[in-house]
Amino acid sequence: MGLSVGIIGLPNVGKTTLLNALARTSAEVSNYPFCTKDRNVGVAEVPDERLVRLKEVLKPQSTIPATVTFVDIAGLVKGASRGEGLGNKFLAYVREADALAHVVRCFSDPDVAHVDGSVDPVRDVQVVETELILADLEVAERAVSRREKAARSGDKEAKEELELLRKVVDALGRGEPIRSLELSPEESRALRGFSFLTSKPVIYVANTGEEEPAGGELFERLREAVGEVVPISAKVESEISELDDPEERRAFLEDMGLEESGVERLVRASYKLLGLITFYTTAHGKLRAWPVPEGTTAQEAAGEVHSDMERGFIRAEVVSWEDLVRTGSWAELHRTGKVRSEGRDYQVQDGDVLLFHFRT
Ligand code: GDP
């Protein structure tokens, strides 16, 4: 499934509405969204101007965009860390996500009930954060007591981990998420196995309602409290996503004074949050965008396409997407010496177009 973003938030804030809008943007993926009782999955296409330009000049038989998988994780209520609502099951689902989109209600429609009786985005964020912090605290405290025993018997590694875990427990005890700690790469690696909920990168999404899709007073209050927030009206997004004609979509957005849809903004922001970059392949009449983590090597990139290519990797031919758009052909780029030959350890750059050579 690749990397995924878990959509979290209190009940009735618009998570499902948003996920449906996200999923409807992906026409090429046929078997999504699939639903389970308490989990919906939606695969959203990543808006990509470069892919559009490449498609125009290369006229491939098929074009496959990069996607981000969103998982709507229902069931977070006050007390989830103590087993309320879906409790532990909910937390296990959050643990599986690579990053979180925290949806916060900023619309005041009296017809939609709020679990706490009033609309207060800053309080809502705290309720959710507190549950995640308490769940992490329990895991961290248990780990501390296990390591205390090992450390007493002189285990050096356990001693180091103990120190780190105590730092984590202190932060959580102060109500601070683990992501707020400044950890060294080694420390982050040491904690990875715990899948702490508050160590995941988070993006805040304000569901602003249809009256004020670009913001509003409640949105501003939220932004003051948490920093960067993506404003979205889940209801408007679900209306936009029902328009099949891209021109109609544009006109709709223009009428609302928006340049791109909230869904597009959210997908773009999530892609960045996951630390992903895009490379392209053009072989066999198929133009395809591939999402990979920053720092991916040419050989690892080959493995995204096919495991045989990674195993038998010889080298990659690399051109920039701009050069390919400008000339329209690999042959022309070969002629003008614009094709580089790179080895297995080459770090793939955002916007590279790759052609792999491999032994079968
Ligand atoms: P979830 O429990 O977080 O998944 O929330 P839902 O997506 O099921 O939405 C809960 C209710 O809020 C539904 O009745 C939606 O129609 C309504 N809702 C969602 N987004 C908006 C919005 O932007 N404006 C208004 N007025 N209602 C919304």
Unsatisfied cross-links (Cα-Cα over 30 Å) in the set K89/K286; K235/K286; K286/K338: K89/K286; K235/K286
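Treat every Asp and Glu Cβ in the chain as -1 and every Lys and Arg Cβ as +1, leave all other atoms uncharged, and give the resulting dipole magnitude about the Cα centre to the nearest 20 debye.
Working: 46 positive and 63 negative charges, 330 e Å.
Dipole size: approximately 1580 debye.
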Centroid-to-centroid separation of the stretch 302-321 and the stretch 94-156 [C-alpha atoms, Å]: 40 Å
Selected from R221, R152, R250 as most flexible by GNM, with the chain as the system and alpha-carbon contacts under 10 Å: R152
Top positive-direction residue, dipole computed over the stretch 163-223 with Cβ charges, set A171, L222, G193: G193
Probe 1.4 Å, protein heavy atoms only - accessible area per residue of the chain in square angstrom: 51 Å²
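Counting other Cβ atoms within 10 Å, which trypsin sites (Lys or Arg not before Pro) in the stretch 161-216 have at most 15 and lie in a DSSP loop?
Values: sites: R166, K167, R174, R179, R189, R192; in loops: R174.
Listed in order of number, the matching sites are R174.
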Selection from M309, A269, L22 lying farthest towards where the dipole of the chain points positive, charges on Cβ: M309
Where labels lie 7 Å past Cα in the beta-carbon direction, separation of T63 and D245 in nm: 2.0 nm
Largest-first principal axis extents of the Cα set of the stretch 265-350 (Å): 40, 32, 22
Within straight-line cross-link reach of K167, lysines at Cα separation under 21 Å, skipping those fewer than 8 residues along the same chain: K149, K156, K159, K200
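Between the DSSP loop rule and a limit of at most 15 other Cβ atoms within 10 Å, which GluC sites (Glu not before Pro) in the stretch 277-360 are left? Could the numbers behind the result be given before it?
Numbers: sites: E294, E300, E304, E310, E317, E322, E332, E342; in loops: E294.
Answer in residue order: E294.
If I stretch the segment between E294 and R179 completely, what's the gain in nm (0.36 nm per residue apart, minus their alpha carbon distance), one decimal? Show your work: numbers first, answer last.
Details: separation 115, 0.36 × 115 = 41.40 nm, distance 1.94 nm.
Contour length minus the Cα-Cα distance gives 39.5 nm.
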Dipole axis of the stretch 274-352 (+1 Lys, Arg; -1 Asp, Glu on Cβ), positive-most option in L287, A298, A331: A331
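Go through the stretch 124-219 and name the GluC sites (Glu not before Pro) that are in a DSSP coil and have 10 or fewer other Cβ atoms within 10 Å of their Cβ. Please list the in-between numbers first.
Numbers: sites: E129, E131, E138, E141, E148, E157, E160, E161, E163, E182, E186, E187, E210, E211, E217; in loops: E182, E210, E211.
Here the GluC sites (Glu not before Pro) that fit, given the DSSP loop and packing criteria, are E182.
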Label-point gap, in nm, between V115 and D345 - each point 7 angstrom along Cα→Cβ: 5.0 nm
Cα gyration tensor shape for the stretch 44-193, rounded if a/c is under 1.5, else prolate or oblate: oblate
Most fluctuating residue given options V57, V13, V318, as computed from a GNM of the chain linking Cα atoms under 10 Å: V57
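Run the numbers for R192 and A92: contour at 0.36 nm per residue of separation, minus the present Cα-Cα distance, in nm. Could you put the intermediate results ahead of the total?
Working: separation 100, 0.36 × 100 = 36.00 nm, distance 1.50 nm.
Residue separation times 0.36 nm, minus the Cα-Cα distance, leaves 34.5 nm.
Once you sort the root eigenvalues of the Cα gyration tensor of the chain as a ≥ b ≥ c, which label holds: rounded (a/c under 1.5), prolate (a/b larger than b/c) or oblate (the other case)?
Details: a/c = 2.40, a/b = 1.22, b/c = 1.96.
Cα axes put the chain in the oblate bin.
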Fluctuation leader among L76, L191, L274 - the chain, Gaussian network, Cα springs under 10 angstrom: L191
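The values are calculated or read from the model by the stated rules, or taken from the named source; none is laboratory data. Only a predicted model underlies this, so the values are computations on that prediction, with no experimental measurement involved. Every residue, glycine as well, gets a Cβ built from its backbone with ideal geometry; the counts of neighbours run over all protein chains shown. With ligands, DNA and RNA removed, areas are computed over all heavy atoms of the protein, side chains included. Shrake-Rupley method; radii C 1.70, N 1.55, O 1.52, S 1.80 Å.
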